[in-house]
Each structure stands twice: as C-alpha cells, then as structure tokens.
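The values are calculated or read from the model by the stated rules, or taken from the named source; none is laboratory data. What you are looking at is a predicted structure, and each value in this text was computed from that prediction instead of being measured. Positions of Cβ are backbone-derived with ideal geometry, glycine not excepted, and every protein chain shown enters the neighbour counts. Each accessible area value is taken on the protein alone, full model and side chains, heavy atoms only, with ligands, DNA and RNA left out. Shrake-Rupley method; radii C 1.70, N 1.55, O 1.52, S 1.80 Å.
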Amino acid sequence: MAEKRSTNGPPANGNSVGGNAYTIDLNTFSQRLQALYTHWRQYKDDLWGSADAFSIATPPPSEDLRYLKSSALNIWLLGYEFPETIMVFRDKHIHFLCSQKKATLLEVVKRSAKEVVGVDIVMHVKAKSDDGSVHMDAVLRGIRSQLKPDGGSPIVGNIAREAPEGKLLELWDDKVKNSGLQLSDITNGLSDIFSVKDKNEITCVKKAAYLTACAMKNFVVPKVEKVIDEEKKVAHSSLMDDTEKAILDPVKIGVKLKAENVDICYPPIFQSGGTFDLRPSASSNDEYLYYDSASVIICAIGSRYNSYCSNIARTYLIDANTAQSRAYEVLLKTHEAAILALKPGNKVSAVYQAALAVVERDAPELVPNLTKSAGTGIGLEFRESGLSLNAKNDRVLKPGMIFNVSIGFQNLQTGTSNPKSQNFSLLLADTVIVTDNGHDVATSVSSKAVKDVAYSFNEDEEEEEQPKVKSESNVKDNLFTKATLRSDNGELSKEELRKQHQAELARQKNEETARRLAGEGSGTGDGRTAVRSAGELIAYKSVNELPPPRDMMIQVDQKNEAILLPIYGSMVPFHVATVKTVSSQQDTNRNCYIRIIFNVPGTPFTPHGTNSLKNLGAIYLKEVSFRSKDPRHISEVVQLIKTLRRNVMARESERAERATLVTQEKLVLAGNKFKPIKLYDLWIRPAFGGRARKLPGSLEAHVNGFRYSTSRPDERVDIMYGNIKHAFFQPADKEMITLLHFHLHNHIMIGNKKTKDVQFYVEVMEAVQTIGGGKRSAYDPDEIEEEQRERERKNKINVDFQNFVNRVNDLWGQAQFKGLDLEFDQPLRELGFHGVPYKASAFIVPTSSCLVELVETPFLVITLSEIEIVNLERVGLGQKNFDMAIVFQDFKRDVMRIDSIPSSSLDGIKEWLDTTDIKYYESRLNLNWRPILKTITDDPQKFIEDGGWEFLNLEATDSDSDNSEESDQGYEPSDAEPVSESEDDDSDSESLVESEDDEEEDSVEESEEEKGKTWEELEREASNADRERDESDSEDERRRRKAKAFGKSRASPSVAASKRMKFR
C-alpha cells in the first residue's frame, strides 16, 4: 500500500520513549522474554539459523511508513519502539547499546530477565558525542568468548533483509561483518513467534478491526452515497484524505477509542473509472470518482490500535450488469470459502485451495483473473512473512493466528464501449482471527452482502434487465439492491423476505455485540453525578462572625444563609442547606410548634455527601422542635426559612448544572464576509426563566454557530455548529407549528435550564374553541376568508423557514464544515405512529437518521445508529396496543420505552425497522430490562455462548418447546410482574413492569424510620400500603384496576411462563 508514515519514532501516544511518562509492563515482558528464549532454544537449528547469539538493530525515526521486524520485536517485547538501539541476545546475557534516557527506562527489566530466563542485562550507554565503537567492540568480545562445544566460532543471527540506517547501525553492521564471525538469518524464527498472538494482542487487533469496519460503514459508505446522490465531482485523493482524518478521530465515527492510540496502516485506497490495482502497494489517484452506469468502486482501508494492524476492502456496484453481478456473487462465495477454511489443524495452503475450488466450480473462465494469494498474516506487521495464503504454504494453522483474507478478480471485461466502465476489478478483504473452534471475522460490522453493496439508480434499465437476471440465476441468489424494493420480487412475499433479512441482521448483530463487549469490557457504575456536599457550604468561618443575639428566639440570617437556633442558652447556627423540611402546627391550647428536620446521612431519600462519608462516626442532629405563644412569629420564621432554602437550593442546583457543562467555543459573528442568515419572530423551547412576559426573538446563522436573541439583553442563546448532533426542519403539516429543532452533543444552559434539545418555532394558527358550540355554515363568507388567511399565513411561514434551511444547508456544505456532516433532516410523516414515550400520547415520526417527536414536550430524539435492537412487546394475544422497547448499544443507558402503540401500526413499524437495518424481536410480555442488561454486562461471554439476542426470538423459542411442558420453567415471570400503580415513579425510560423485590426493598427502607417523616415520605408509605393490598387481591381485581388506571390491557403474571432464557 502507499507509504507515508513510519511505525518508527515515538510510541503511539506521541511522547518520547525516554521520558518519565512511560513504564514497561514487567508481566508482559517476562512472559514474552521467556517465550522468546524457549522458542529460540527449541527451534535453534530449524528457524533461527543455528544462531548462538542474535542482534536486533532498530533504525532512527523516519517519515516513511514501513513495517520492520526490528521495530516489531521492540513493541512486542518492551511495549515501545526504541529508535537507534542495538540489542544483542546471548544465552546468558542481553546487551543494550543506547542513549542514557533509554537506558534509564530499561533498568527496570534487569531483575525480571534474571528471574525468568536467568540472563544478565548489560547496559552500554552511549554519549551523544560518542559513535559507540568502544561499546560495540566490548559486545563482540563477549560473543567471541562464547565458544561452541566443538571449538568453532559462534554464529551471530541478524535480520538479513533490513539494511542498516544511520551512522550507529552502519558502524555496527561493518564491525559485525569484519569480525570474522559467521552470520545467519533469523527472520523465520521471528516470524514464527509473531504468528500466534496472545490474548492482549488479539484484543488490540479486535479494536483496530472494529475501528476499521466502523470507518467503512459509518463514514466511507455514507460519504460515497452522498457524493453519488448529489452528483458531485470528488477526487479519489480527496476521499482518501477525508477518510484518514475520520480514522484518526474515532469519536466522530462512533468508536470510543483514544485518538492517540490509533493510526492508519496505509493511506485509504479509492479506485474507480476502469483503473484498478489490487496489489497492496496501490494508491488513490487524483481522478474523479466515477459512478455512471455499470461502474465499480473499490474502497480499502486499514487502521492500527497500539501498533496492531487490521484491514478491510469492499467493492460497490453501480447499476451493475449481468457480468458484474455474476462475478461479484462468485467472489463473495470464494471469499466465504477461504474464511471457512481457516480452522486450527488445516494447512495454510488449504485456504487458497478452497477459494480456487469455488471459482473452478462456478466460473472456471474467471480462474486466470483470480489473485495469486488469498491474503497474508497480519499483526504488528501489515504483511507477516511466512503466512502468505497461497497454494504452496504448508504451515499449519493454530489458534491465535490472524489473517487479512484478501481475494479479488482483476482485469475483467463488461463488454461495453465506455472506456471507464469497460474494464473492472473486484476486491474483498476482511480481518479474520483463528480461534479454538474455527474463526472470528473481526470486521463483519461492515456488510459485504449483495443487497448492501449493489446500488440501482437507473430504474428503466433495471426493469428491462430483471427478467434476464432471473433466468440466469437461482431464486436464492437473486440480486436485491438498496435502491429497489425487495417486495418487487414476485416469488417471495414481503414477510418472508423480511424474515430472511432479519435473520441475517440477527447474525450480524450478535457478532457486533460480541466484539463490542470484548473490546470495551463490561464497565461499571450507574452514571450518576456526584452531589455537592452540604459540608462545602459554610455560613460562618469563625465564631466572631455570628450576629449579636437579640433574644433567645429563632433568627434567620439571610445574608449568611443561616438560621440560628436557641439551644441550651446559646444561639447555634445551621446553614439553611442542612434543613430538609420545616413546618408549623397549632394545638388546642393555642400553643404553636415549629418543627425543623435536618438532612441526616443514612435516612431514606437523603443523598450521601462527601462530608457525611468522611465523618461516618459523627453524631448528627436529626430534628428540633420549639414551642411558642406567638403564632405570627412562628409563621414568619417558617416562611423565611422556606424562601431562603428554596433560593439557596435553586442557586446550588444551577451551579452544579453549569459545572457539568462542556466548554463551548466562542461564537464568531458574521462580519464583512457575509451577512448573517436571519429568521424573525420565533419562540424558543425551553423558554427563558423569570416571570416577565415572554418575547419572540430572531435566529441568526453566523460563521461558526447560531445566535437567538430577544429584545432583552440577558435573553440570548448561542449554538455552535460543532455541538449540533442532529438538525430538523418540520413544516406545519397537520400541526399547529412550524419548527427548527437542534439536538446537541453536549448540554447548554438556557436561562437556568440545562438541555440538549433546543427548538425555535412559530404558531401558524391559533387553537380556537367556539364557546357557543354552534355550527357555522360552510358557505359563510367570514369563515371562508378566515380559512384563506390561515392558509396564506401557514404557506408564508413554511416558505420563510424553507429558505432559511436551504441557505444554512449551503453554508454547511462549505469545506470547513465537511467534517461535521450537518444537514437539516425532515420527518417522514407518512411513516409516523402514535405512542406514549413519556406520560402523554404523541405522534412519533421517523427521519432518515432518527426517531423523533418534536411537538410535545419533553422532546424525543433517538439516533438510529445508536440502537442495538428493538423489542416489540405485548404483541398478539388479541391486544389492541403493543409497546416498543429500544435497547441502545451503550448498555449503561436506560432502555427507551414507547407504550400504547396501536396494533394497526405494527406492520408499518416492522417494515420501517427492516429497511433501516435494525434488528427487531417480538414478545408477548413486557420485560424488565435493567436486570437483563446488567446480566449481559456482568457476563458477556455467557450471553454470546447462549445465542446472544436470540433468547428474544419468540418463533424460535416457541417452536423448540411446543411438545415440552418442562421448558416452561426456562423463563420465570419474576421479570414480568404487573406494573406498579404508584404515581411517584418518575423514570421515563424504565420498564413499566417492576419486580416485587424492588417494592419490598423500598418498604423495608421506609420502615426504618418511624419518627421525623415528612408528608412526602408518609405519602410514599400510603402508596406502598395500597400496593401490598393490591398484591393480596385476586388476579381479576388487579387486572380490572390496571385497565382502569392505564386505559389498556396488560398481560397478567399467569401468562408470563414464556419459553425463554431466564436472566438472574
């Protein structure tokens, strides 16, 4: 592949090796040093050239991208690359010739080397002005002293193909050659020890492969699709540069890897227009991407994580003709056959033989065009010598080997006269890991199925060619393209095709989930932010600051935010933030009582502050009560404390919210370059705080962001383009408002509210209700004139918004905003459905990249690319409604539920989910997702071994257990208890079905405190008592109450004995 940068130089994080920021992992060093010496001693004559000692000389840093075995050994053994360093391995000694900084870092390995393999490490520190000649002579004398048993001179091994670079290595090479010692090549020994990767190395390759596949799926494919759709002229080299930037910034393509740990393996390759080169040294030229009819586009990218390589290549067909479609189908089968042959115990040559056999059977005329190998080994080197997948390699495959399986057809002919589409080539490549039981395709996130790589834009030609395609290929191999509806195939019904596609999605999703769980780890924590401790709030720094006591009466010091209580003849101050509740009461003797309850650690509903955790043995004041004969004073004190406490808590809450905000860049106002794009008379949601009358404002598009402002100077909001995740424009179509909505990456503050969703809207008509209720004539001139005015107003508003959106889209299309990939998305109302995402019914509408509800608050914005799977619950059983549970790829995130969707929308939702490549399942009951996701993250390996998400497959589980009643015990209904009727549950994303265990825990906690309970706590006790009473009632009564409370039927626990995997 084209060579640009070097793996030499500093480590992946960019700092110098000799700095103090780096330490060598001694466990890894010990294990690998022992493996190195064991392998050398065991295969000394076969693979190591009978070498009695061998030297590894690492060259100085270079800007060229190259893969050297000397650099690979440095990284494999020590974790970093040490430029301009000479290592000499002897039976009882290891010599390092390097600078002082490197020697300091290497000092730590001396003890480990002695303990593991019994060798002494000798440091030869070279000064800057020294050429190292004296140290080299000392090393060579040590080698000569190591005589062989037969009295002959020892043999020194080196890497024969690596020419010396730099003065130090050239001088060493001359001294070794002129030393009279015998030389041998140790390349085969190093290749063999690098060929089988350990667990840590496999993890690095998996992360690199996941990054590579996501770059192809989330960046390259959408980028090419956009270029073709907008018919832009973009050079291959420009696509190469953009893709390289995307790989080097993994967060932008949805991969949570640190940018300092990743790099490219080679500059990304884009080829089209009849000029193709399938060799690894190919490069992207400056020709424009060619995407006319019968064209082929080859994309190949490779990325590294911690210096470990991965690779992927895909071929995309544009309006493919019969020859191209048939050749790709054969290549796809050939590639799969090669991957299937990667099993432990097979010979390496069997991989290429399996691929060749498929071509000879299905298309013998294409054998001359087949590449001469099926790929190579991959790891620290992009192409590992000795692991080429050709017909002559007799090495045996072992678990832990990793291959870049790359196969293609070159120099094929389409039979057309157009020179740019007359010649074409095809290429497929994947990174594959050999496992104990077979293989694992690490880059399968990016699909290579025909339906995902074949695009059809010329529909007239497609209709003419379709009968030919059907006559020449089997039904099972029919070509379904992205741009043609799969339902157009008359031989298979929509439902059957959907099931086939969903089965393929299930396989891909399980593999993707397995890789993600293996790469990221289970992770812990609930994502909650720390609460600011009351101990951080100080009313008085010293006793001298206390106000002078007037009388022994309760005082409120508003300046210092404290209350002073008379206790044993002294005025004791308490910060108002320590007060939980304050109340007053009057008895029959006209005595007034004031009761103050404080926040005490350990009581229910009281968060633990850092101060309370520090002082676990401290004694806290829980509550105090005072009696008074002056009811007016008591009422005044209670009111003052409540007001002061409310103001302090609001201020601290806003401060805590602002502390979690991500610092935004400054807005650059439009100057002389262009006038800001403006839209007037807009309202904003969420609205600014305060009791003043709400005012409309204007929205302006500036150089790097939007600014919304009203006539009040303090009412202003800046939204940076870089912080916008999704932008939506929804015209007034059967709605009362026209709106622009921005869903952000990071929160911003609007007034004193923290939000990720900002909306600007105009009401196109007012909701008017006639009080008299009388009907007006359809021919009433006033009525007709009023409707006409409303239509004109609505059309004018929609046109103004559309013009604003078009101008902003043009602005976002400029070169400086290309990386943001911003464009206003418009909801597809015809695909919408009714449901309850939060507490009220709403009309939910898909867009090209999201599922949204933008009219009612709180807003709903779900990014489709973040969805793991969708489970349609309460489907069937004669239900009028069903629920949708959306599980996100981030398992720490709560499952999003949309309840009470009419069953009439079921088929439309299934079709939409299928066309957007989202795997969905159906179940008859609601599931409690929180413990399910916890089980998955706690033991991801068991989750994968049990079939991944297939435990949700209702058809599979039912068909497996039709004749067995014992299988009913596979899934207990403990996760499907009836929904709690408590109105205090504010978790919008939590399952409506809660387990009894949680209820019992709450009741135990609430029974711990019998005194000092507030009205809110007493209300919770009453709610729990009602719940316990309901659990003792009959099933029919409970079902009737549920139907009344929620207006819909829920499945009773008796139906919950479904035949599915049980999560504990």
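Which one of these is at pLDDT below 90, assigned to a strand (DSSP E or B) and surrounded by fewer than 16 Cβ atoms within 10 Å (Cβ to Cβ): M649, M749? Unique residue meeting the criteria: M749. Put simply, of T243, T275 the only residue that is of a type in the set (S, T, Y), crowded, with 21+ Cβ neighbours inside 10 Å and under 30 Å from S293 (Cβ atoms) is T243. Of the set (1) closer than 20 Å to T847 by Cα; (2) part of a strand (DSSP E or B), all apply to T755 but (1).
Could you say whether any residue in segment 368-381 is open to solvent by less than 50 Å² (accessible area, probe 1.4 Å), within 23 Å of D198 (Cβ to Cβ), in a strand (DSSP E or B) and among the acidic types (D, E)? So that I can check it myself, show each step before the final result.
Initially, segment 368-381 is screened for residues open to solvent by less than 50 Å² (accessible area, probe 1.4 Å), giving 369-371, 373-381.
Among the residues that remain, those that are also within 23 Å of D198 (Cβ to Cβ) are: 375-381.
After this cut, where a residue has to be in a strand (DSSP E or B) as well, the list is 375-377.
With among the acidic types (D, E) added as a condition, the list becomes none.
The answer is no, given that none of the residues of segment 368-381 is open to solvent by less than 50 Å² (accessible area, probe 1.4 Å), within 23 Å of D198 (Cβ to Cβ), in a strand (DSSP E or B) and among the acidic types (D, E).
Just give me the residues in segment 114-140 being at pLDDT 90 or above and open to solvent by 80 Å² or more (accessible area, probe 1.4 Å), in sequence order. K114, E115, V134, listed by residue number. Just to verify a result, which residue in segment 366-397, among those that are among the small types (G, A, S) and at pLDDT 90 or above, is nearest to the chain's Cα centre (by Cα)? It comes out as G379. Is there any pair with a first residue in segment 714-725 that is farther than 19 Å from L820 by Cβ and a second that is among the basic types (K, R) whose Cβ atoms are under 7 Å apart and which are 6 or more apart or on different chains, and what are they? Taking only residues 6 or more apart or on different chains, the pairs are R716/R707. Here E866 clears all of (1) farther than 19 Å from A503 by Cα; (2) acidic (D, E); (3) surrounded by 19 or more Cβ atoms within 10 Å (Cβ to Cβ) except the condition numbered (3). Scanning segment 173-210 for residues that are within 34 Å of the chain's Cα centre (by Cα), open to solvent by 40 Å² or more (accessible area, probe 1.4 Å) and small (G, A, S) yields no hits at all. The set of residues in segment 278-311 that are open to solvent by less than 50 Å² (accessible area, probe 1.4 Å) and among the charged types (D, E, K, R) contains only R304.
Within segment 441-463, residues that are under 16 Å from D319 (Cα atoms) have Cβ atoms under 6 Å from residues that are among the aromatic types (F, W, Y) and at pLDDT 85 or above in these pairs: V453/Y316, counting only partners at least 6 apart in sequence or on another chain. Residue count for segment 795-828 under the criterion of being more than 24 Å from E231 (Cα to Cα) and free of Cβ contacts under 8 Å to residues at least 60 places away in the same chain: the result is 3. Taking segment 652-681 only, how many residues are part of a loop (DSSP other than H, G, I, E, B), at pLDDT 85 or above, touching an Asp or Glu at 6+ places or on another chain (Cβ under 9 Å) and among the aliphatic types (A, V, I, L, M)? The qualifying residues number 2. Here R590, R515 are screened, and the one residue that is at pLDDT below 80, surrounded by 12 or more Cβ atoms within 10 Å (Cβ to Cβ) and farther than 24 Å from N647 by Cα is R515.
Does at least one position in segment 233-240 carry a residue that is under 15 Å from A215 (Cα atoms), out of contact with any Asp or Glu (no Cβ under 6 Å at 6 or more places or on another chain) and touching a residue at least 12 places away in the same chain (Cβ under 8 Å)?
Filtering segment 233-240 down to residues under 15 Å from A215 (Cα atoms) leaves 239-240.
Add one more test, that the residue is out of contact with any Asp or Glu (no Cβ under 6 Å at 6 or more places or on another chain), and what stays is 239-240.
From the residues that got through so far, the ones that are touching a residue at least 12 places away in the same chain (Cβ under 8 Å) too are 239-240.
Scanning segment 233-240, I find at least one residue that is under 15 Å from A215 (Cα atoms), out of contact with any Asp or Glu (no Cβ under 6 Å at 6 or more places or on another chain) and touching a residue at least 12 places away in the same chain (Cβ under 8 Å), so the answer is yes.
Scanning segment 68-113 for residues that are open to solvent by 50 Å² or more (accessible area, probe 1.4 Å), within 18 Å of N27 (Cα to Cα) and either of a type in the set (S, T, Y) or touching a helix residue (DSSP H, G or I) at 6+ places or on another chain (Cβ under 7 Å) (or both) yields a total of 1.
On the given criteria, is D825 under 26 Å from the mean Cα position of the chain (by Cα) and on the phi > 0 side of the Ramachandran plot? So D825 does not fit the description; no. The condition (being at positive phi, outside any helix (DSSP H, G or I) and of a type outside the set (D, E, K, R)) is satisfied by just one residue among G152, G49: G49. Within segment 869-905, the set of residues being more than 21 Å from W929 (Cα to Cα) and open to solvent by 30 Å² or more (accessible area, probe 1.4 Å) comprises L877, G878, Q879, K880, P902, S903, S904. For segment 546-571, give me each residue that is on the phi < 0 side of the Ramachandran plot, of a type in the set (D, E) and in a loop (DSSP other than H, G, I, E, B). Passing the criteria: only D551.
I567 fulfils the conditions (1) closer than 17 Å to Y620 by Cα; (2) open to solvent by less than 40 Å² (accessible area, probe 1.4 Å) except for a single criterion, (2).
Is it the case that segment 317-329 has a residue that's touching a Cys at 6+ places or on another chain (Cβ under 9 Å) and among the charged types (D, E, K, R)? Outline the logic, then answer.
Taking segment 317-329 and keeping what is touching a Cys at 6+ places or on another chain (Cβ under 9 Å), we get none.
Within segment 317-329 (the criterion being touching a Cys at 6+ places or on another chain (Cβ under 9 Å) and among the charged types (D, E, K, R)), the answer is no, since none of the residues qualifies.
Say whether the condition of being open to solvent by less than 80 Å² (accessible area, probe 1.4 Å) and modelled with pLDDT of 85 or more is met by at least one residue in segment 770-779. The answer is no; no qualifying residue exists.
If you go through segment 801-822 and pick out every residue that is open to solvent by 60 Å² or more (accessible area, probe 1.4 Å) and over 29 Å from the mean Cα position of the chain (by Cα), you end up with 5. Applying the set (1) open to solvent by less than 40 Å² (accessible area, probe 1.4 Å); (2) under 27 Å from Y210 (Cβ atoms); (3) out of contact with any Ser or Thr (no Cβ under 6 Å at 6 or more places or on another chain); (4) in a loop (DSSP other than H, G, I, E, B) to L389 leaves exactly one unmet item: (3).
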